[in-house]
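For reference, the structure is listed below as structure tokens.
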Amino acid sequence: MGRRSVEVEVTQKVEAYLAIAEGKLPEESPIHVLAVAEALNVSRNTLYKYGLKKVIEEAAERQRQQANLSTRAKEKKAYADRIKSLRVELEIAQQQMIVQAELINRMRCNAIQFNMDLKKLEQPLEKSDRSFSRAGITQRRGKKSAGFS
């Protein structure tokens, strides 16, 4: 039994390396002749000699396509997550709106029971009287402070 051909050994090593590297991102495991030669501890000239440059370039293209698909998938997932979170926020806002509407309806029913005019409820409140300044008046009106007699 003779020794196996160097070409067969190198080709098998390259194919095994490329199969693993294609599944990774290009930043993690770049695929080009120099990187493959360094990873397999083989001369670049050997790879060129056995015509493996084309195989390596095809593997690099497949890796780029997979990486592009994975980034598209990540982007699509991010949009789907954003839509889901916005729907949750919308549901919460709708529930709050329903609670506020119920509160207003209760106020209107109470006003009707007390024979109040509903148009008065819709009018804005009158502004407070600010014709004179209240500056310097203590919070405890009508009470003598402890220090004075």
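The values are calculated or read from the model by the stated rules, or taken from the named source; none is laboratory data. In this text the structure is predicted, and so the values were computed from the model without any measurement. So basically every Cβ, Gly included, is an ideal-geometry build from the backbone, and we count neighbours across all protein chains shown. Protein only, heavy atoms only, side chains kept; ligands, DNA and RNA dropped before computing areas. Shrake-Rupley method; radii C 1.70, N 1.55, O 1.52, S 1.80 Å.
Taking the condition aromatic (Phe, Trp, Tyr) and either more than 30 Å from VAL10 (Cα to Cα) or loosely packed, with under 13 Cβ neighbours inside 10 Å (or both), does TYR79 pass? Considered against the rule, which asks whether it is aromatic (Phe, Trp, Tyr) and either more than 30 Å from VAL10 (Cα to Cα) or loosely packed, with under 13 Cβ neighbours inside 10 Å (or both), TYR79 comes out as yes.
Check off (1) among the hydrophobic types (A, V, I, L, M, F, W, C); (2) modelled with pLDDT of 90 or more; (3) over 42 Å from the mean Cα position of the chain (by Cα) for VAL8 and give me the number that stays unchecked. Unmet for VAL8, out of (1) among the hydrophobic types (A, V, I, L, M, F, W, C); (2) modelled with pLDDT of 90 or more; (3) over 42 Å from the mean Cα position of the chain (by Cα): (2).
For ARG130, are the conditions met, namely being at pLDDT below 90 and closer than 30 Å to VAL8 by Cα? When the stated conditions are applied, ARG130 does not pass them. Is at least one residue of the range 96-105 among the aliphatic types (A, V, I, L, M), out of contact with any Ser or Thr (no Cβ under 6 Å at 6 or more places or on another chain), farther than 30 Å from VAL10 by Cα and open to solvent by 90 Å² or more (accessible area, probe 1.4 Å)? Looking for residues that are among the aliphatic types (A, V, I, L, M), out of contact with any Ser or Thr (no Cβ under 6 Å at 6 or more places or on another chain), farther than 30 Å from VAL10 by Cα and open to solvent by 90 Å² or more (accessible area, probe 1.4 Å), one finds at least one in the range 96-105, hence yes.
Among all residues of the range 15-23, there is at least one that is at pLDDT 90 or above, over 23 Å from the mean Cα position of the chain (by Cα) and among the aromatic types (Phe, Trp, Tyr). Within the range 12-50, the set of residues being among the polar types (S, T, N, Q), open to solvent by less than 90 Å² (accessible area, probe 1.4 Å) and outside any helix (DSSP H, G or I) comprises SER29, SER43. Somewhere in the range 64-74, is a residue open to solvent by less than 100 Å² (accessible area, probe 1.4 Å), in contact with a Pro (Cβ under 6 Å, 6 or more places away or on another chain) and either of a type in the set (Gly, Ala, Ser) or part of a helix (DSSP H, G or I) (or both)? Yes, the conditions are met somewhere in the range 64-74. The single condition among (1) farther than 30 Å from VAL14 by Cβ; (2) over 34 Å from the mean Cα position of the chain (by Cα) that LYS54 does not meet is (1).
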